[in-house]
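This report refers to the structure that appears directly beneath it.
Laboratory data are not the source of any read-out in this text; all were calculated from the coordinates shown. Just so you know, these numbers come straight off a predicted model, no measurement behind them. Positions of Cβ are generated from backbone atoms using ideal geometry, with glycine treated the same way; all protein chains shown enter the neighbour counts.
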Amino acid sequence: MKRYDWIIVGGSFAGLATARQLTGWGLLIDQKPIGEHQTSACGTLLEVPMALGIDEAVVQVHHRLVLHIRGSEIDFPSPYPFCVVDYKTLCTRLAESGNFDFLLARVIRRDGNVVVTTQGEFEAEILVDASGWKAVLTPSTPQNNFYNTGVETVLPGSADGLHFFYEGKKTQRIYWIFPAGETLRVGAGCFFGRGAIKTPLFSFLRANALPEVNHGLHGNAFPFVLRDPVVDGVFRVGDAAGHCFALTGEGIRPAIYFGTLLGRILRRVVEGEITLNYAQHLYQDLVRKKRKAYRLLTTFQRTLTAIPDRVLAFASKMASSRSEYFLERYRRIFDFQHLDDILRG
Ligand SMILES: Cc1cc2nc3c(=O)[nH]c(=O)nc-3n(C[C@H](O)[C@H](O)[C@H](O)COP(=O)(O)OP(=O)(O)OC[C@H]3O[C@@H](n4cnc5c(N)ncnc54)[C@H](O)[C@@H]3O)c2cc1C
């Protein structure tokens with residue numbers, strides 16, 4: 001059996017952000033080639049690809065979010081630009097900036113420190129589960145498994161701003177249109193995963209005179225409650241750790257933030273500076289520091305999906321007049337401009 005210093009399962013945002021920080025002899029495993037398994041609309045803050053030095057992945061920059069509710073269009077101008085990125089470019093550039101072996105295989109299970117795949121078994125002292133919401137190395141217990149759901153398609157078209165359409169308390173369904181150059185990424189999601197999304201997406205496309213397609217659909221669950229960052233000695237990051245936000249469904253920025261920090265911590269283990277045990281404490285501490293923000297967003301999601309639609313529309317109009325304040329607070333949950341200082345502190 002082949003032995004590595006570290007093995008990461010999942011070659012998307014979280015796994016690649018972690019892997020590129022690591023030295024030693026490492027293995028990254030994914031069931032799909034890097035950049036081929038897009039599940040997301042890939043909207044994020046512009047500062048994310050910039051901080052990674054991958055600005056060529058940016059397809060379109062947006063300066064406002066627009067909420068459509070009860071027939072009104074409420075504008076949230078942002079003090080910080082958002083953008084939509086090209087998944088393949090971002091992932092391939094992240095992968096190129098790291099130094100590790102890549103294995104195209106499906107992970108079946110873990111036996112202690114051994115990862116069992118369709119291409120054989122591999123062992124490492126350091127294991128990272130970055131395999132998305134199903135967390136293949138560290139499956140979650142049902143009570144930790146709160147998730148929203150989403151499905152999306154890509155259509156020709158162009159527009160400005162990131163648009164969200166909330167259908168209301170009755171269905172708790174949301175649609176989005178994220179313009180990306182000559183295309184629109186159009187999706188449907190359901191808070192708490194309690195309703196259908198695919199058929200409603202087609203109805204939404206019809207209602208908005210958008211071409212209806214039944215191919216190229218991608219989607220997934222978005223877990224939004226923090227799970228234990230370390231389970232049975234295995235580090236979890238990204239959706240596997242429940243790092244995606246409630247309410248906004250933003251998961252790329254958290255996956256890259258925690259992945260980067262986890263990678264830097266684990267690098268110190270590989271280089272013999274700290275023990276694996278100490279690394280677990282450091283990482284758990286970092287995640288714990290963000291617990292309040294996660295809880296707050298979960299509370300917002302529960303509240304906003306429970307109040308009457310007209311109250312929500314009124315509250316949204318009020319909030320839009322302080323849009324810059326709220327969006328700045330939201331941005332500050334993760335400080336991408338001072339990532340280097342976080343582990344020094
Ligand atoms: C429809 C939709 C739209 C979204 N839009 C946005 C958005 O615009 N902005 C945003 O910030 N977030 C968005 N999200 C959330 C975001 O996509 C996730 O939070 C993010 O992808 C999490 O990254 P990750 O690396 O943890 O997991 P993933 O991106 O899910 O990657 C997991 C990787 O693990 C691999 N894997 C899984 N199981 C196995 C296995 N058994 N063996 C081998 N490999 C395996 C997969 O192939 C995949 O490459 C969206 C989600 C959905 C569903």
- Query: For the Cα atoms of the chain, what angle does the longest principal axis make with the long axis of helix 252-270, in degrees from 0 to 90, nearest 10?
  - Reply: 10 degrees
- Note on the structure: Once phi for every residue in the stretch 108-119 is put through the Karplus expression 6.51 cos²θ - 1.76 cosθ + 1.60 (θ = phi - 60°), the whole-Hz ³J(HN,Hα) values, with Gly and Pro written as x, are 9, 6, 10, 10, x, 9, 9, 9, 9, 10, 5, 10
- Task: List VAL269, VAL114 from most exposed to least, where exposure is judged by having the fewest other Cβ atoms within 10 Å.
- Result: VAL114, VAL269
- The set of residues whose placed amide H lies less than 5 Å from the amide H of PHE222, leaving out same-chain residues fewer than 5 positions away, is ASN148, THR149, GLY150
- Please figure out what share of the DSSP beta bridges in the stretch 2-340 is antiparallel and state it in percent, rounded to the nearest 5. 70 percent
- Query: Given +1 on the Cβ of Lys and Arg, -1 on the Cβ of Asp and Glu, and no further charges, what dipole in debye does the chain carry about its Cα centre, rounded to the nearest 20?
  - Reply: 1280 debye
- Cα pair distances in the chain, grouped into 10 Å bins until the bin that holds the longest one, percent each: 5, 25, 35, 23, 9, 2, 0
- Item | the stretch 248-306: trypsin sites (Lys or Arg not before Pro) in DSSP loop, at most 15 other beta carbons within 10 Å | LYS289
- Task: Quick one: angle between helix 309-320 and the longest Cα principal axis of the chain, in degrees between 0 and 90, rounded to 10, please.
- Result: 70 degrees
- Note on the structure: If R0 = 22 Å, then PHE192 and ALA319, at their Cβ-Cβ distance, give a FRET efficiency to the nearest 0.05 of 0.50
- Taking only Cα atoms of the stretch 141-263, radius of gyration then Dmax in Å: 16.0, 51
- Item | Given charges at Cβ of Lys, Arg, Asp, Glu: the stretch 2-340 dipole, positive-most of ALA95, GLY195, ALA57 | GLY195
- Note on the structure: Projecting the Cα atoms of GLY242, PRO211, LEU261 onto the charge dipole of the stretch 190-274, where Lys and Arg contribute +1 and Asp and Glu -1 at Cβ, the residue farthest towards the positive end is PRO211
- Item | Lysine pairs with alpha-carbon atoms under 30 Å apart, the chain, spacing 8 or more or separate chains | 25
- Query: For helix 291-304, what angle does its Cα long axis make with the longest principal axis of the chain, in degrees from 0 to 90 and rounded to 10?
  - Reply: 30 degrees
